[in-house]
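The values are calculated or read from the model by the stated rules, or taken from the named source; none is laboratory data. Fair warning: this is a prediction, and the values are worked out from it, not measured in the lab. FYI the Cβ positions are ideal-geometry reconstructions off the backbone, even for glycines, and counts take in every protein chain you see.
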Amino acid sequence: MDTKSVCGILYVSMHEMENWPDSWIDILDADKVGYLHDILQNESAKLSLYSAIATVIPAPKLHCMTVSGTPAAVLLTDKILDIGERNSADSTISLGVTRTVLQMCKGLEQTHDVPPRTARLLLDALLPFVWPHLDHHTDSVRHLTAQALAHIVTYCSRRPTEDAVEAAIGELVAALARMPRSKGFYVGVTCVLRAAGAHALQIRILALSLVVESQKSTEPFTGEELDFVLWFMRYNINSRVPNFRQHVLALVKKLLKRLENSDKVLLRNNGTSDGDDKGHLDYLSFIGKFRSLCYESLVVGANYSRRHVALQVLVWLEDLHVRDYSGSVWTESAVGTLLHHLGDSYETNKALALLLLERTPATFLRNEEVLGQIVRPNGQLPQFGKVSFNSSATRKLIVRLVGSLVS
């Protein structure tokens, strides 16, 4: 805490001691108190006093007390934001304003039963400040703003009813959708997802759709967007809610289609097929990491949703047409994992595993370690659960297996 902040706290505390207990109201309504008028002509002094009020006065009191019919917290926030707007070029004042905004957001989150009108007015004032400052050129301002947004989202996610939660978070997501796809956008999406994801599955879907869906099906993805998709899938691939799983798969399919279409745009814009442009390299890196994530999810004991989503995405990745990508880089471990899932208790997962095994290079089927998993010592094929050996996919696999053994 700097000297100005300490002086502001001392002044507010002494002002209350010398006058009536809630005389801090005089500082917000300085027109009625002549001796404060000169002090409040200086922007730094004014910010110090307003910041001190946000620090010293309990948040519930700020939310409940009014000044000329306006909640004190709202009036204080407006005055602080006005100082920031008038002195946007001054990094010291911008930092002080952001610290005070963070304090107001903390108070909003930590106070139970904030009057609805006060909460609405505070959010209307705070959000227009928060969004652009997520991209501020000063690191400390960006970090403080991200913390402030996290407090706002947490407050919205703790509304008294589920409908109120979804309405509040829905407004935040709508505001995010209007933001440019800058670093601040991804900070905002992450804050919303982390704080609200556990409260409403619909919010998770909205967050993913913000990144995946676009008015132009050929709009290229940024590296940050693809990193967010990987982060999202890592923590949501195992959801047991069928409707949520279907929505996620639908968005992943859209993502891969847009990946194909936009890669052609990158090629045209780059004017070369060498694949050395950064956007294209980001695509190849994403595909490799996504494939690895899916195989990591096919562990023994994984739930149905994790297995199904991983297998389905792997099938789609095999059909993906992106330059310099020719399908999976097969390994003995990957083949062994797919063979294990031929014994899956769900027919849909068996079918997906068979589709992938059909594309396994013959060299892997001739590998002794892999053959040991496929063929018993007496040369017989094992029984993989309830898999139907009358299906065309299974017959193709058997034909390939026999061919590899005799070649």
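Step by step: first the residues of the range 122-154, then only those that are out of contact with any helix residue (DSSP H, G or I) (no Cβ under 8 Å at 6 or more places or on another chain) and in a helix (DSSP H, G or I), then the one that is surrounded by the most Cβ atoms within 10 Å (Cβ to Cβ). Which residue is that? Spell out how you get there, then give the answer.
Initial filter on the range 122-154 (out of contact with any helix residue (DSSP H, G or I) (no Cβ under 8 Å at 6 or more places or on another chain)): 124, 128, 137, 139, 143.
Narrowing further to those that are in a helix (DSSP H, G or I): 124, 128, 139, 143.
Values: 124: 11, 128: 12, 139: 8, 143: 15.
Among those residues, the one meeting the criterion is 143.
Among the residues of the range 257-281, which ones are at pLDDT below 80, loosely packed, with under 15 Cβ neighbours inside 10 Å and either polar (S, T, N, Q) or under 23 Å from the mean Cα position of the chain (by Cα) (or both)?
Listed by number, the residues that qualify are 269, 272, 273.
Return yes when residue 15 is at pLDDT below 80, surrounded by 13 or more Cβ atoms within 10 Å (Cβ to Cβ) and either touching a Lys or Arg at 6+ places or on another chain (Cβ under 9 Å) or outside any loop (DSSP other than H, G, I, E, B) (or both) and no when it is not. Before the answer, list the steps.
Values: at pLDDT below 80: yes; surrounded by 13 or more Cβ atoms within 10 Å (Cβ to Cβ): yes; either touching a Lys or Arg at 6+ places or on another chain (Cβ under 9 Å) or outside any loop (DSSP other than H, G, I, E, B) (or both): yes.
It is true that residue 15 is at pLDDT below 80, surrounded by 13 or more Cβ atoms within 10 Å (Cβ to Cβ) and either touching a Lys or Arg at 6+ places or on another chain (Cβ under 9 Å) or outside any loop (DSSP other than H, G, I, E, B) (or both).
Under the condition of being assigned to a helix (DSSP H, G or I) and among the small types (Gly, Ala, Ser), which residue from the range 282-307 is surrounded by the most Cβ atoms within 10 Å (Cβ to Cβ)? Write out each step before concluding.
Going residue by residue through the range 282-307, those that are assigned to a helix (DSSP H, G or I) are 282-297, 304-307.
Keeping just the survivors that are among the small types (Gly, Ala, Ser) gives 285, 288, 292, 297, 305.
Working: 285: 14, 288: 14, 292: 13, 297: 22, 305: 19.
Once the filter is applied, the top-ranked residue is 297.
Exactly one condition in (1) more than 19 Å from residue 4 (Cβ to Cβ); (2) free of Cβ contacts under 8 Å to residues at least 24 places away in the same chain is not met by residue 77; state its number.
Checking residue 77 against (1) more than 19 Å from residue 4 (Cβ to Cβ); (2) free of Cβ contacts under 8 Å to residues at least 24 places away in the same chain, the one that fails is (2).
Across the range 214-262, what is the total count of residues that are over 21 Å from residue 314 (Cβ atoms) and acidic (Asp, Glu)?
Within the range 214-262, residues that are over 21 Å from residue 314 (Cβ atoms) and acidic (Asp, Glu) number 3.
Looking at the range 296-315, which of its residues are out of contact with any helix residue (DSSP H, G or I) (no Cβ under 6 Å at 6 or more places or on another chain) and over 10 Å from residue 349 (Cα atoms)?
296, 299, 300, 301, 302, 303
Does residue 310 satisfy the condition of being in a helix (DSSP H, G or I) and of a type outside the set (Asp, Glu)? Show your work before the answer.
Values: in a helix (DSSP H, G or I): yes; of a type outside the set (Asp, Glu): yes.
For residue 310, the condition - in a helix (DSSP H, G or I) and of a type outside the set (Asp, Glu) - is met.
Which of the residues spanning the range 214-269 are assigned to a helix (DSSP H, G or I) and of a type in the set (Ser, Thr, Tyr)?
Across the range 214-269, the qualifying residues are 235, 262.
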